[in-house]
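Input: a single structure, listed below in structure tokens.
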Amino acid sequence: MPTVQRELVGRGVSFDNFFVVNPLCCPSRVSILTGGYSHSTGVYLNTGPRGLPAFREESTLATWLDDAGYETGFVGKYLNGYARTDVPPGWDRWIAFTGTLKKGVPPNYFGYELSVDGELQAHGFAPEDYSTDVLGRRAADFVRETDGPFLLVFAPFAPHPGPTEEEQATIPATPAPRHADAFADLKPWRPPSFDEQDLSDKPAWLRSIAPLGDAEAEAIDGLRRSQLSSLLAVDDAVGSILGALRETGRLRNTLVLYTADNGQSWGEHRWRGKGLPYEEDIRVPLILRYDRLGTERRSLDRLALNIDLAPTIAELTGVQTPKLDGSSLLPLLTETAPPWREDFLVEHYGAPPAPAVPSYCAVRSETHTYVAYATGEEELYNLVDDPFQLENLAGKPEFRDALEGMRARVRELCRPLPPRFGALP
């Protein structure tokens with residue numbers, strides 16, 4: 001992504017340890033918009049009553065900034081389950097995918113519908129209908145059309161693959177036609193955890209997954225190529241938005257945040273998708289560019305979270321907010337060694353009747369990850385010695401003290417999940 005590398009990474013701050021606190025689309029996006037954990041927002045899942053219906057849309061970044069006089073615009077994917085045309089509270093400009101994903105159909109790249117300020121607008125299958133390009137143009141237009149301070153959320157569907165986890169290998173992401181063969185010669189992704197052979201120390205739900213086999217490994221390689229190829233159009237869109245900021249003379253005064261709502265497993269521990277407490281799923285990029293704080297390339301290694309984005313924007317803009325779970329990142333940018341978190345909570349609710357991944361609460365510290373499942377099973381990893389999380393230390397007597405310390409921290413941080421979660425170990 002040359003534009004992202006040159007214009008954001010090269011002139012901003014990269015957070016090398018940035019994480020989501022629930023590695024699923026809908027709850028993670030709600031955390032970005034509110035600064036709240038799932039146990040605060042009520043949104044744990046992508047679907048059902050603990051998805052979008054639980055979201056209190058009347059108190060978000062959009063409403064806070066709109067009340068303070070900011071022009072607010074949303075362009076792209078809102079929240080899973082948004083299948084209507086009405087505009088949520090606080091948004092002055094609204095261009096969002098509408099309707100649910102259809103089984104067996106490539107999602108939201110061609111042949112999609114948008115809610116444009118409440119009016120339904122259909123797009124077909126011509127090259128100019130490619131959704132990332134359409135949304136990129138709309139986002140750049142929003143910048144040009146606003147005169148004063150604004151909030152813009154640009155949320156393209158790329159690099160999302162097939163509609164369901166089961167279909168991700170057969171219905172990968174869809175790159176723009178001009179990028180269809182961009183990564184044809186990409187080497188396969190084979191970290192030490194790929195198709196992990198010895199799962200004897202892993203929880204039962206993971207042990208039940210069969211080895212990948214050649215066909216599935218090849219399908220995962222195709223998925224990865226398609227996802228990376230689809231990001232090239234995102235890179236083009238970032239260039240268009242930054243170009244609009246330059247044209248309107250506002251690039252220096254604009255805080256730009258580049259991130260994602262969850263990670264992606266490409267066969268690590270035999271898993272394809274998201275939702276796990278492992279590094280591949282909870283770790284995402286964050287790049288922050290704000291020219292008033294300098295344009296030298298920097299990186300920070302403190303633990304930063306998606307629930308920190310709303311507090312950061314609120315502090316910078318001076319808007320009033322309710323109490324938030326996250327913390328503003330500005331002290332990390334402007335102060336020398338400010339007090340900061342040493343660990344954080346990750347939540348996951350395993351929906352009935354037979355979730356692939358049971359409910360869990362996890363604590364990820366600067367050096368370890370501990371997971372407590374609703375089944376009573378546990379995982380403990382030393383990320384310094386074992387960054388690929390191959391050896392579960394929870395059952396080893398010599399790590400009993402470390403295990404007890406992490407158990408106590410989970411009990412302190414983990415808020416009661418829905419009844420299915422059960423008791424902590």
Distance from the Cα centre of segment 216-256 to that of segment 103-157, in angstrom? 14 Å
Angle between the Cα long axis of helix 131-145 and the longest principal axis of the chain, 0 to 90 degrees, nearest 10? 50 degrees
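Once you list every other residue whose beta carbon is under 12 Å from the beta carbon of Asp291, what net charge do they have if Lys and Arg are +1 and Asp and Glu are -1? Don't skip to the end; give the middle numbers.
Details: positive: Arg11, Arg246, Arg250, Arg252, Arg289, Arg292; negative: Glu7, Glu296.
Summing Lys/Arg as +1 and Asp/Glu as -1 gives +4.
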Protection proxy (average C-beta count within 10 Å per residue), highest first, orders 114-126, 78-90 as 78-90, 114-126
In square angstrom, what is the accessible area per residue of segment 1-139 with a 1.4 angstrom probe? 37 Å²
Quick one: Karplus J couplings for segment 9-24, per residue in order, coefficients 6.51, -1.76, 1.60, θ = phi - 60°, nearest Hz, x for Gly and Pro? 4, x, 10, x, 10, 9, 8, 6, 10, 10, 9, 9, 9, 8, x, 9
Rounded to the nearest 0.05, FRET efficiency between Ala215 and Asp301 (Cβ-Cβ, R0 25 Å) equals 0.05
For segment 234-283, run through the trypsin sites (Lys or Arg not before Pro) and keep only the ones in DSSP coil with at most 11 other Cβ atoms within 10 Å of their Cβ. Arg252
Accessible area per residue, 1.4 Å probe, Å², for segment 309-416: what's the number? 47 Å²
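Just the number, please: carbon plus sulfur as a percent of the accessible area of segment 296-425, 1.4 Å probe, no ligands or DNA/RNA counted.
On the way: 3170 of 6260 Å².
C and S fraction of accessible area: 51 percent.
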Judged on accessible area alone, 1.4 Å probe, highest first, Trp94, Trp189, Trp205 line up as Trp189, Trp205, Trp94
Once the Cβ-Cβ distance between Leu316 and Arg84 is put in as r, and R0 is 35 Å, what FRET efficiency do you end up with, to the nearest 0.05? 0.65
Compute the helix-to-body angle for 25-34: its Cα long axis versus the longest principal axis of the chain, expressed 0 to 90° and rounded to tens. 60 degrees
How many angstrom lie between the C-alpha centres of segment 271-338 and segment 373-417? 25 Å
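The values are calculated or read from the model by the stated rules, or taken from the named source; none is laboratory data. Model, not experiment: these values are computed from the prediction. Note that we place each Cβ from the backbone using ideal geometry, even for glycine, and neighbour counts take in every protein chain shown. Protein only, heavy atoms only, side chains kept; ligands, DNA and RNA dropped before computing areas. Shrake-Rupley method; radii C 1.70, N 1.55, O 1.52, S 1.80 Å.
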